[in-house]
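Asker: Here it is: the structure, laid out below.
Taken together, the values in this text are just the output of simple stated rules run on the coordinates, not laboratory data. These numbers were taken from a predicted model, which means no experiment stands behind them. Here the Cβ positions follow ideal geometry from the backbone for every residue, glycine too, while neighbour counts run over all protein chains shown.
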Amino acid sequence: MKSKSIYIYGFHSIEAQLNSNPEYILKLFVHSGRNDGRMSKITSLLSNLKINFLKIEKNELDRLAKGEPHQGIIAEILLPSLPGQEALIDFITNLPSNPLILMLDSIQDPRNLGACLRSANAAGVDCVVINKDGSAPINSVVYKTSAGAINQLKIFQVTNLVRAIKALQSKELWVVGLDASLKTSIYDINLIDPIVIVMGAEGKGLRQLIKKSCDYLVRIPMTGNVESLNVSVATGIALFESRRQRQSTE
């Protein structure tokens, strides 16, 4: 599959790219009128890495960023194709310890997807699995919202989540889905063993076939009058509960 390119913007996103995969940067643009310390620091880094950059006017940067805040710096980067199910199973098979995996079922808002990736990175997941159709594409908004986390994560994109779940179960991973309509609390189940935590789409939650494929379905108990949490918030809670349980046994 042919790789494509996207624009990313803002110091955090571009610094993360420089620290992880500077070779993916195709073009880099900086605001010709910004000469403060932060800009000087990053242009020095670019010079050290022998990455050329072009100074342009703010209105040109605004056009490239399509209205998103860019802080005076934008890069066009190569976006390699994400590995699929076969690579996922190979990756899991070769992990030295019991995995913690996040699976996202059809997250459609790129800001939510980016925020989920940020939570995944903070919780130290081994990898993230997303579906090819129905999920928000990896784009500049995802990069921005992830705050650099996307550059540190192993992300797999599969055609069929149910098949991926069954393949992971065959590797002795337990699959736990989040469903706000159930009574079983996430705090009452074992999240220490090799685990896949599955989060559903905004509003709709997990699809029925995904629910039927899970080993456990649990909810995050709430005491307020809201019916549900934002998916990225719920993702953070679920992942850090698994991390808390694992640390309690160390």
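Asker: How high is the relative contact order of the chain, in percent, with contacts defined as C-alpha pairs under 8 Å that are six or more residues apart?
Answerer: Values: 444 pairs, mean separation 52.7, N = 250.
Computed over the chain, the figure is 21 percent.
Asker: So how far apart, in nm, are the two label points at residue 184 and residue 159 if each is 7 Å from Cα heading toward Cβ?
Answerer: 3.1 nm
Asker: If you don't mind, there's one more thing I want to ask. Rounded, prolate or oblate: which fits the stretch 4-79 when a ≥ b ≥ c are the square roots of the eigenvalues of the alpha-carbon gyration tensor, with rounded for a/c under 1.5 and prolate only if a/b beats b/c?
Answerer: In terms of gyration-tensor shape, oblate.
Asker: Still on this structure, please answer the following. To the nearest 20 debye, what charge dipole does the chain have about its Cα centre, counting +1 at the Cβ of each Lys and Arg and -1 at the Cβ of each Asp and Glu?
Answerer: So the dipole magnitude of the chain works out to roughly 400 debye.
Asker: Multiplying the sequence separation of residue 87 and residue 108 by 0.36 nm and subtracting their Cα-Cα distance, what value in nm do you get?
Answerer: Computed gain between residue 87 and residue 108 is 5.2 nm.
Asker: Go through the stretch 196-201 residue by residue and turn each phi into a ³J(HN,Hα) via Karplus (6.51, -1.76, 1.60, θ = phi - 60°); whole Hz please, and just put x for glycine and proline.
Answerer: With the stated coefficients, the stretch 196-201 comes to 10, 9, 10, 10, x, 5 Hz.
Asker: Across the Cα atoms of the stretch 85-248, what radius of gyration and what greatest pairwise Cα-Cα distance (Dmax) are found, in Å?
Answerer: Cα-based Rg and Dmax for the stretch 85-248 come out at 14.4, 44 Å.
Asker: Top mean-square fluctuation among 232, 140, 47, Gaussian network model of the chain, C-alpha springs under 10 Å?
Answerer: Ranking 232, 140, 47 by mean-square fluctuation puts 47 first.
Asker: Additional query: Calculate, in nm to one decimal, what residue 63 and residue 32 gain on full extension: separation in residues at 0.36 nm each, minus their alpha carbon distance.
Answerer: In short, 9.7 nm is gained.
Asker: Pop out the ³J(HN,Hα) list for the stretch 88-101 in order, Karplus 6.51 cos²θ - 1.76 cosθ + 1.60 with θ = phi - 60°, rounded to Hz; leave Gly and Pro as x.
Answerer: 4, 5, 4, 5, 5, 4, 9, 6, x, 10, 5, x, 10, 10
Asker: Moving on. Net charge within 15 Å of residue 135 by Cβ-Cβ distance, Lys/Arg positive one each and Asp/Glu negative one each, not counting residue 135 itself?
Answerer: Charge balance in the 15 Å sphere: 0.
Asker: Right, next: Taking a 32 Å limit on the Cα-Cα distance, which of the listed pairs 4/212; 132/171; 27/171; 41/132 fall beyond it?
Answerer: Distance filter (> 32 Å) returns 4/212; 27/171; 41/132.
Asker: In degrees from 0 to 90, rounded to the nearest 10, what is the angle of the helix 110-123 Cα long axis to the longest principal axis of the chain?
Answerer: Rounded to the nearest ten degrees, it is 70.
Asker: Where does the charge balance sit around residue 42 when Lys and Arg score +1, Asp and Glu -1, over other residues with C-beta under 11 Å from its C-beta?
Answerer: Details: positive: 34, 38, 41; negative: 15, 36.
With Lys, Arg at +1 and Asp, Glu at -1, the neighbours total +1.
Asker: Roughly how tilted is helix 37-48, in degrees to the nearest 10 and between 0 and 90, from the longest Cα axis of the chain?
Answerer: 90 degrees
Asker: Quick one: grab the alpha carbon gyration tensor of the stretch 167-231, order the square roots of its eigenvalues as a ≥ b ≥ c, and give me rounded if a/c is under 1.5, else prolate or oblate depending on whether a/b is larger than b/c.
Answerer: In terms of gyration-tensor shape, oblate.
Asker: Okay, moving on. What does the charge add up to near residue 66, with Lys and Arg as +1, Asp and Glu as -1, over the other residues with Cβ less than 13 Å from its Cβ? Before the final figure, lay out each step's value.
Answerer: Details: positive: 63, 144; negative: 60, 62, 68.
Local net charge: -1.
Asker: Give me a comma-separated list of calculated 3J(HN,Hα) values for the stretch 14-25, in order, Karplus coefficients 6.51, -1.76, 1.60 applied at θ = phi - 60°, integers in Hz, x for any Gly or Pro.
Answerer: Couplings: 6, 4, 5, 5, 5, 7, 10, 9, x, 5, 7, 6 Hz.
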